[in-house]
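Below is one structure, written out as structure tokens, with a few remarks after it.
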Amino acid sequence: MKVLSTVIVRPGEADRILSGHPWVYHGSIQRLATPANDGDLVQVKDHRQRLLGAGFYNSKSKINVRMLTHDRVELDTQFFEERIRAALAVRQRYMPTATSFRVVNAESDLLSGLIVDKYEDVLVVQTSALGMDLRKDMIVTALQKIFKPRAIIERNDIASRKFEGLPEANGLLAGAHEGPLPISLNGLKFTVNLVAGHKTGLYLDQQMNYELVARFAKGAQVLDCFSFLGGFALHAARAGAASVVGIDQSADAIAAATAIAASNGLTDRCTFEQANVFDWLKAKTAVAPHEKVIPRYDLIILDPPSFTRNRASVPDAMRGYKEIHLRALKLLRPGGVLATFCCSHHVDAVLFEAAIMDAAKDTHRLLRRVASYNQSPDHPILPAIPETGYLKGFAYELVR
Ligand code: SAH
């Protein structure tokens with residue numbers, strides 16, 4: 001086994017690592033007992049020389065070491081194959097019928113810096129840590145062995161690579177792939193653009209929630225705000241909604257969603273409109289003084305992008321969340337359901353619900369919470385790593 005360089009952490013820093021959190025910040029490191037190159041696998045010890053495990057070193061990143069194991073391992077194709085197979089088994093246990101899903105979700109699968117999404121027989125890989133990026137060949141070989149995919153695409157146009165000193169990189173790593181890819185999600189047909197779409201093509205983290213929210217759709221007038229490819233809208237339409245309208249500001253998303261509705265034979269009751277949701281809701285709730293807004297929807301879905309990427313802008317984000325809830329509540333019929341999501345790590349479920357309750361108070365609405373949601377199980381949550389849990393959602397019935 002190769003001799004690894006050694007990183008010694010400060011007293012008091014070992015517990016977090018031992019409890020499963022894989023990030024060792026620059027400030028947690030006491031010293032390097034032996035020099036290490038960026039991208040190397042290093043062993044990490046506490047100040048008493050007790051082995052804590054091994055991980056990728058990168059002096060350029062704020063996260064100096066990303067832990068991979070608690071013991072000494074040989075970092076070869078077999079290592080990646082075993083980790084990826086273990087991750088795949090989790091998906092097969094909890095999403096047995098899914099054919100498109102996230103196979104590897106970085107820290108959630110003990111592979112900090114690696115994301116692998118499976119869209120039918122095509123895989124999309126993201127490496128956001130230098131150590132992972134340098135081992136792309138091994139990862140590709142392991143993926144080919146496990147999945148025998150038609151193609152493996154690299155989607156490394158993510159901002160977080162900058163923090164690791166990595167350039168943007170997009171393209172084909174193996175096989176052949178051209179044009180939009182038809183996939184099936186809960187039995188609905190979608191067409192995804194893996195080369196230029198949002199995320200790696202779809203918001204796979206909502207896959208289970210599409211079906212859960214669609215339970216409220218039968219016979220309903222449905223409004224899907226921030227609809228993207230129409231995940232919620234189309235599931236609601238299939239579940240028997242009377243009519244569904246999806247709103248998104250992206251013209252590309254609206255065109256794609258409209259085509260997807262057509263390919264599923266749902267055009268008669270599911271349409272999409274390009275607009276800024278804030279403006280759209282404002283226009284629909286604007287009335288003369290002493291007039292009341294007429295509520296028109298039985299199911300409203302709010303699934304906005306993260307309104308904040310950092311702690312500092314949380315107050316701004318809270319105003320944004322409150323505003324869309326305030327307006328959505330005015331458009332919801334009594335007995336109707338508001339299904340609402342927040343994907344910001346910095347706004348937890350308690351804070352998120354506080355914004356909703358604030359909006360309910362201002363609009364004199366009383367809500368009954370009828371469901372709580374998380375990200376789908378292909379984005380596993382490890383409570384030892386709080387960052388792995390980011391998507392939260394609630395459904396509320398309007399009591400009055
Ligand atoms: N519900 C979608 C995911 C939404 S992601 C799904 O399940 O797939 C957020 C979406 O909001 C993106 O498609 C983005 O184009 C859109 N968006 C962001 N800001 C917006 C705004 N102010 N008005 C309308 N759409 C917006």
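Remark: pairs (first residue in region 270-297, within 18 Å of residue 336 (Cβ to Cβ); second residue within 16 Å of the ligand (Cβ to nearest atom) and of a type in the set (S, T, N, Q); Cβ separation under 6 Å; 6+ apart in sequence or on different chains) = 293/285. Residue count for region 223-240 under the criterion of being within 6 Å of the ligand (Cβ to nearest atom) and either part of a loop (DSSP other than H, G, I, E, B) or of a type in the set (S, T, N, Q) (or both): the result is 4. When residues in region 270-308 are screened for being buried (at least 17 other Cβ atoms within 10 Å of the Cβ), over 22 Å from the mean Cα position of the chain (by Cα) and part of a loop (DSSP other than H, G, I, E, B), 1 of them pass. So which residues in region 330-343 are surrounded by fewer than 19 Cβ atoms within 10 Å (Cβ to Cβ) and out of contact with any helix residue (DSSP H, G or I) (no Cβ under 8 Å at 6 or more places or on another chain)? Residues satisfying the conditions are 333, 334, 335.
Could you say which residue among 366, 331, 326, 302 is more than 16 Å from the ligand (Cβ to nearest atom) and in the same structural domain as residue 221 (by TED's automatic domain parsing)? Give the derivation first.
Values: 331 fails: more than 16 Å from the ligand (Cβ to nearest atom); 326 fails: more than 16 Å from the ligand (Cβ to nearest atom); 302 fails: more than 16 Å from the ligand (Cβ to nearest atom).
Going through 366, 331, 326, 302 in turn, just one is more than 16 Å from the ligand (Cβ to nearest atom) and in the same structural domain as residue 221 (by TED's automatic domain parsing): 366.
From the list 311, 327, the lone residue that is surrounded by 19 or more Cβ atoms within 10 Å (Cβ to Cβ), over 20 Å from residue 242 (Cα atoms) and in contact (Cβ under 8 Å) with a residue 12 or more places away in the chain is 327.
Report yes if residue 351 is away from the ligand (no atom under 15 Å from the Cβ), more than 19 Å from residue 235 (Cβ to Cβ) and crowded, with 22+ Cβ neighbours inside 10 Å, otherwise no. Please lay out each step first, then the result.
Working: away from the ligand (no atom under 15 Å from the Cβ): yes; more than 19 Å from residue 235 (Cβ to Cβ): yes; crowded, with 22+ Cβ neighbours inside 10 Å: no.
Against the criterion (away from the ligand (no atom under 15 Å from the Cβ), more than 19 Å from residue 235 (Cβ to Cβ) and crowded, with 22+ Cβ neighbours inside 10 Å), residue 351 does not qualify.
Within region 244-255, not a single residue is more than 10 Å from the ligand (Cβ to nearest atom), assigned by TED's automatic domain parsing to the domain that holds residue 336 and touching a residue at least 40 places away in the same chain (Cβ under 8 Å).
The values are calculated or read from the model by the stated rules, or taken from the named source; none is laboratory data. Computed from a predicted model, the values in this text were never measured in an experiment. Cβ atoms come from the backbone with ideal geometry, glycine included; neighbour counts cover every protein chain shown.
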